[in-house]
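Below is one structure, written out as structure tokens; the observations come after it.
The values are calculated or read from the model by the stated rules, or taken from the named source; none is laboratory data. What you are looking at is a predicted structure, and each value in this text was computed from that prediction instead of being measured. Quick reminder, even Gly has a Cβ in these numbers, built from the backbone with ideal geometry, and neighbours come from all protein chains shown. Protein only, heavy atoms only, side chains kept; ligands, DNA and RNA dropped before computing areas. Shrake-Rupley method; radii C 1.70, N 1.55, O 1.52, S 1.80 Å.
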Amino acid sequence: MARREFWGLDDSIGYLARIVFRRFTVAFEKRTSPHRISMGQYALLRCLWKSDGIAQHDIAHRMGLCEPTVAVTARRLENSGLLCREVNASNRRETLVYLTEEGLEPRLMCASQAAHNAATRNLSIHEIATLHALLCRVERNLATFEAALIDVES
């Protein structure tokens, strides 16, 4: 496929990351549409698959999202029967989030794996590991840059 030009942005890492994210999201959501799960909702479910029964604010912190975003996503998943939310008995200000049996749906993991496999097709294991490591470094660099901007503004 020929490299497309768009206002000279095709050499921009940020622009390329945006395009890759959009394509990955489309590939993912085509496979999860029968389950009516978006990529953002899946990410929240994945967070709970790692450790169930955690506070909404902890989910927001782990996912790098705002608490209201997590609350809205959790409410939608609760309405779909994939999770339930309960007020923490020992801290009434916290809402704990738990997966339901339906939230442990293995077909969702298969959909995610299919999108991952499509994205990494023709890449070696070493290239995938390198790509992952580089993206993690870029994310940390941007987090540091963002924190420095916040300090300057304060």
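Could you tell me whether the stretch 96-105 includes any residue that is modelled with pLDDT of 90 or more and either of a type in the set (S, T, N, Q) or open to solvent by 40 Å² or more (accessible area, probe 1.4 Å) (or both)? Within the stretch 96-105, one or more residues are modelled with pLDDT of 90 or more and either of a type in the set (S, T, N, Q) or open to solvent by 40 Å² or more (accessible area, probe 1.4 Å) (or both).
Condition first: open to solvent by 30 Å² or more (accessible area, probe 1.4 Å) and hydroxyl-bearing (Ser, Thr, Tyr). Can you find one or more residues in the stretch 109-122 that meet it? Within the stretch 109-122 (the criterion being open to solvent by 30 Å² or more (accessible area, probe 1.4 Å) and hydroxyl-bearing (Ser, Thr, Tyr)), the answer is no, since none of the residues qualifies.
Taken over the stretch 124-143, residues that are open to solvent by 70 Å² or more (accessible area, probe 1.4 Å), of a type in the set (A, V, I, L, M) and under 24 Å from Ser12 (Cβ atoms) amount to 4.
In the stretch 6-64, which residues are among the acidic types (Asp, Glu), in contact with a Leu (Cβ under 8 Å, 6 or more places away or on another chain) and closer than 22 Å to Ala118 by Cβ? Matches in the stretch 6-64: Asp10 only. Among the residues of the stretch 110-118, is any at pLDDT 90 or above and over 19 Å from the mean Cα position of the chain (by Cα)? So far as the stretch 110-118 goes, no, none of its residues is at pLDDT 90 or above and over 19 Å from the mean Cα position of the chain (by Cα).
Restricting attention to the stretch 20-50 and to residues that are hydroxyl-bearing (Ser, Thr, Tyr), open to solvent by 20 Å² or more (accessible area, probe 1.4 Å) and part of a helix (DSSP H, G or I), the residue that is farthest from Leu99 (Cα to Cα) turns out to be Thr25.
The set of residues in the stretch 77-95 being open to solvent by less than 70 Å² (accessible area, probe 1.4 Å) and part of a loop (DSSP other than H, G, I, E, B) consists of Ser80, Gly81, Leu82, Asn88, Asn91, Glu94.
Filtering Thr95, Thr73 for residues that are touching a helix residue (DSSP H, G or I) at 6+ places or on another chain (Cβ under 6 Å), in contact (Cβ under 8 Å) with a residue 24 or more places away in the chain and over 30 Å from Val20 (Cα atoms) leaves a single hit, Thr95.
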